[in-house]
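Coordinate-derived values only; no laboratory data. On a predicted model such as this, the values are computed, not experimentally measured, just so you know. Here the Cβ positions follow ideal geometry from the backbone for every residue, glycine too, while neighbour counts run over all protein chains shown.
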Amino acid sequence: MKIRFCKETRDALLELKKSKNVNIEGNILKLIDVSDDIEMQKYVKESIKNQKDLQRKRLEVTKRVQNQNDELTEAKKEIERVNIELQEALDLAEMSKDNALKDLDILQKRTQFELVSVIVKIALWIIIGVGMSTTALYIFSMLADKDTQLIGNTWSNMFGILLTNAFSIIGTIMGVKYASGNNKSKSED
């Protein structure tokens, strides 16, 4: 079945094409009877051509959008993969930092312990040396039949001072150990 337009409709369609460049679209173009009207034949041909051009352009836009969507999807996957790798690297770095801090703490404690040991040994040798030299002088004075009252008082005072200093050194060392242990536990909290 073919559609034939009346003269007014035909003229209105042709005028609309000229003035506003608007054509009829769709399957209706195939049904218009243009057998004896050259102007309508030209109108229908141009309308069909315009419609095919528009369809081709829409298809190109659709394909371009689909390609961009595919690229965006791939980019999103790559970003997610990189984020996962970054998180793993961050976790590994954090774990390495913790291990390094533990190793540093152990090294500091060992160094402190060695230093304390050296200080205690030197202090004990000095105490023993002063005590022995004072005792030897006191014994020599007694054997030489000299007056030992002054040396005896000095010897007694010397041993009191040496013992006081020995306990002071030990107390200081223990206080430092206790304080460093408290600072460590406070920093861990």
Original post:
In what order do TYR43, TYR178 fall by count of nearby beta-carbon atoms within 10 Å, going from fewest to most?
Top reply: TYR178, TYR43
Subject >> Interchain or long-range residues, amide H under 5 Å from ILE32's placed H >> reply: ILE3
**OP:** Provide the net charge surrounding GLU74, with neighbours chosen by a C-beta distance below 14 Å and charges set as Lys +1, Arg +1, Asp -1, Glu -1.
**Re:** -1
**OP:** Holding the Cα-Cα limit at 22 Å, pick out from LYS57/LYS77; LYS17/LYS45; LYS2/LYS49; LYS18/LYS42 the pairs that are longer than that.
**Re:** LYS57/LYS77
Original post:
Of ASP98, ASP36, ASP53, which is the most mobile in a GNM of the chain whose springs link Cα atoms less than 10 angstrom apart?
Top reply: ASP36
Original post:
If you build a Gaussian network model of the chain, linking Cα atoms that sit under 10 Å apart, which residue out of VAL82, VAL120, VAL34 swings the most?
Top reply: VAL34
Original post:
Taking neighbour counts of Cβ atoms within 10 Å as a proxy for exposure, in what order, fewest first, do ILE170, ILE84, ILE151 appear?
Top reply: ILE84, ILE170, ILE151
**OP:** Return a whole-number percent for the relative contact order of region 7-188, with Cα pairs under 8 Å and 6 or more residues apart as the contact set.
**Re:** 12 percent
Original post:
So how tilted is helix 149-188 from the main axis of the chain? Cα-based, degrees 0 to 90, rounded to 10.
Top reply: 10 degrees
Subject >> Gain on full stretching of the segment that runs from PHE113 to ASN21 - 0.36 nm per residue minus C-alpha separation >> reply: 23.5 nm
Original post:
Near LEU31, within a Cβ-to-Cβ distance under 14 Å, what is the net charge of the other residues, with Lys and Arg +1 and Asp and Glu -1?
Top reply: +1
Subject >> Simple label model, 7 Å out from Cα along Cβ direction - ALA75 to LEU150, nm >> reply: 9.9 nm
**OP:** Take the chain, connect every pair of alpha-carbon atoms lying under 10 Å apart with a spring to form a Gaussian network, then pick out the residue of ILE127, ILE48, ILE38 with the largest mean-square fluctuation.
**Re:** ILE38
Subject >> Radius 13 Å from Cβ of VAL65, net charge of other residues (Lys, Arg +1; Asp, Glu -1) >> reply: +1
